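The values are calculated or read from the model by the stated rules, or taken from the named source; none is laboratory data. Everything numeric in this text was worked out from a predicted model, so none of it was measured. Positions of Cβ are backbone-derived with ideal geometry, glycine not excepted, and every protein chain shown enters the neighbour counts. Keep in mind that these areas ignore ligands, DNA and RNA; they rest on the heavy atoms of the full protein, side chains included. Shrake-Rupley method; radii C 1.70, N 1.55, O 1.52, S 1.80 Å.
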Amino acid sequence: MSAATLTDYDVYLWSEGSHYRAYEKLGAHLGEEDGVAGTHFAVWAPDARAVSVIGDFNGWQAGVNPMHPVDASGVWKAFIPGVRQGTLYKYAVTSRYGNYHVEKADPYGFASEIRPLTASKVWDLSGYRWADGEWLARRGRAATLDAPIAIYEVHLGSWRKVPHEGNRWLGYRELAAQLADYVHHMGYTHVEFLPVSEHPLDASWGLPAGRLLRPDQPLRHAAGLMYLIDTLHQRGLGVILDWVPAHFPRDVHGLGYFDGTHLYEHSDPRLGEHQDWGTFIFNYGRKEISNFLISNALFWLDKYHIDGLRVDAVASMLYLDYSRKEGGLGPDRFGSRENLDAIDFLRRFSTSASTPSTPT
C-alpha cells in the first residue's frame with residue numbers, strides 16, 4: 001500500500017479533528033496502485049455532489065477522472081495513473097446546493113502556477129538533501145529562556161533587487177548567502193520571514209496568505225526556500241516564519257465557498273468576514289478547520305525545518321468586537337468579548353506545535 005493511501009485510521013483521525021499530519025494524506029501525492037505509478041488525490045468537500053480532478057491529462061474536462069467519497073468523512077479521493085511530478089491540476093466541484101459548480105485549487109497542494117494563473121501542481125518535497133543536522137541537534141539548547149535572542153525581520157521579495165534586470169526580486173537561492181552573511185555580521189540570532197505562502201498581491205508583503213502550503217512562486221520553488229533555510233541554519237541562525245491563520249482571500253479558486261457552502265469560513269457573515277480587510281475568517285469552531293490549520297503549521301516545521309512560528313493578527317482572532325462597532329457581535333456564551341473557538345484553536349495549536357517532531 002502506498003504511503004499516501006488513506007487508511008481507516010486516517011479517516012478516523014480526520015473526522016475526530018486530530019489528524020495533525022493531514023498534509024501527508026490530503027492533496028496530491030505521487031505513489032503507486034497495483035504496481036502502476038501515478039498520483040493519489042484527496043480533498044475535503046462534504047457538501048459536494050460530485051468532485052473530479054481536472055488537468056492537462058484530461059483536457060480540463062470535469063467528470064473524466066471522478067473522485068469517490070470516503071465513508072461519511074466528507075473526503076473525496078482518486079488515484080490517477082500516469083500523473084507525474086509537475087502536472088497541473090484543479091478540483092472540479094459540484095455542490096449539492098443550487099447546482100453550484102466551481103474549479104478550485106488544492107488546499108493541501110505543495111506547489112502552483114505563478115499568479116495570476118491559479119492551478120495547483122503535483123510536487124514531491126522529498127528530493128532536497130538537507131545539511132543542517134548539526135543545527136537541528138542543538139537548536140533546543142539555543143532556545144532556552146536564558147539564551148540571547150535578536151530577530152531580524154525581513155520581507156524576502158523586497159530585501160534586495162537586481163536593478164540591471166528590471167529591478168526584479170532575488171530568488172530564494174540568490175538570497176541565501178547574502179542574507180546569511182548580513183544577518184550573521186550584524187549579530188542577530190534569528191531571521192523572521194514575513195509570510196512566504198502564495199498570496200494575491202505582491203505589495204501586501206505576503207498578506208493575506210491564500211495557499212498556505214505553497215512558497216511564493218515569484219521567488220522560485222520549494223527547493224530554493226529549503227536551500228535558503230538550510231544556509232541560515234548552517235550559519236547558526238534560527239528561522240521564524242510569520243504564519244497567518246487569522247484570515248484568507250476571497251479568490252474564487254481559493255478556500256472560500258469551497259463546496260457551495262461556507263466550509264472554511266464561518267457561515268455567520270458577522271463572524272466570517274473581516275470588515276477592514278475584505279477577507280474571510282476561518283471557522284475555528286469546526287474541528288476539520290482546526291485540523292487543517294494545525295496540520296499546516298506542522299507542515300512548515302516538518303518539511304521546511306522552520307524553528308518557530310510568529311502568529312499574525314492574533315488580536316483579530318481573540319476578540320469578537322475587534323475593529324467593529326460596540327456590541328456589533330454581542331457577547332460570547334459567558335457574557336464576555338472573547339472568541340472562545342479561536343482561543344481553543346490557539347491552545348491546541350500551541351500544544352501541537354511544541355510537541356517534538358522529526359523534520360524530514
Tell me, what is the percent relative contact order of the chain, built from C-alpha pairs under 8 Å that lie six or more residues apart? 15 percent
Using alpha carbons only, how many angstrom separate the centre of segment 77-109 from the centre of segment 163-182? 35 Å
Between Arg324 and Gln234, what is the spin-label point distance in nm, taking each point 7 Å from the Cα along the Cα→C-beta axis? 5.0 nm
What is the set of long-range amide H partners of Tyr319 at a cut-off below 5 Å, with H atoms built 1.01 Å from backbone N? Asn339
Of Ala150, Ala223, Ala111, the most mobile residue in a GNM of the chain (C-alpha springs, cutoff 10 Å) is Ala150
Listed residues Glu16, Glu153, Glu134; largest mean-square fluctuation, Gaussian network over the chain with Cα springs below 10 Å, found at Glu134
³J(HN,Hα) across segment 249-261 via Karplus (A = 6.51, B = -1.76, C = 1.60, θ = phi - 60°), whole Hz, x for Gly/Pro? x, 9, 3, 4, 7, x, 7, x, 6, 5, 10, x, 9
Cβ-derived FRET efficiency at R0 25 Å, Arg21 paired with Glu165, nearest 0.05: 0.05
Looking only at chymotrypsin sites (Phe, Trp or Tyr not before Pro) in DSSP loops with at most 12 other Cβ atoms within 10 Å, what is the longest site-free stretch of the chain? 98-333
Order by accessible surface, 1.4 Å probe, largest leading, for residues Ser267, Ser95 comes to Ser267, Ser95
Explain nothing, just compute: Karplus ³J(HN,Hα) = 6.51 cos²θ - 1.76 cosθ + 1.60, θ = phi - 60°, for every residue of segment 90-102 in order, whole Hz, x for Gly and Pro. 9, 9, 8, 10, 10, 7, 6, 10, x, 6, 5, 10, 8
In segment 38-128, which trypsin sites (Lys or Arg not before Pro) fall in coil by DSSP and have 15 or fewer other Cβ atoms within 10 Å? Arg84, Arg96
Could you list which residues have their amide H under 5 Å from that of Glu273, counting only those 5 or more apart in sequence or on another chain, with H placed in the peptide plane? Ile281
Accessible area of Asp71, 1.4 Å probe, to the nearest 10 Å²? 120 Å²
Residue among Gly82, Gly272, Gly27 with the largest mean-square fluctuation in a Gaussian network model of the chain, springs linking Cα atoms under 10 Å: Gly82
Cα gyration tensor shape for segment 103-174, rounded if a/c is under 1.5, else prolate or oblate: oblate
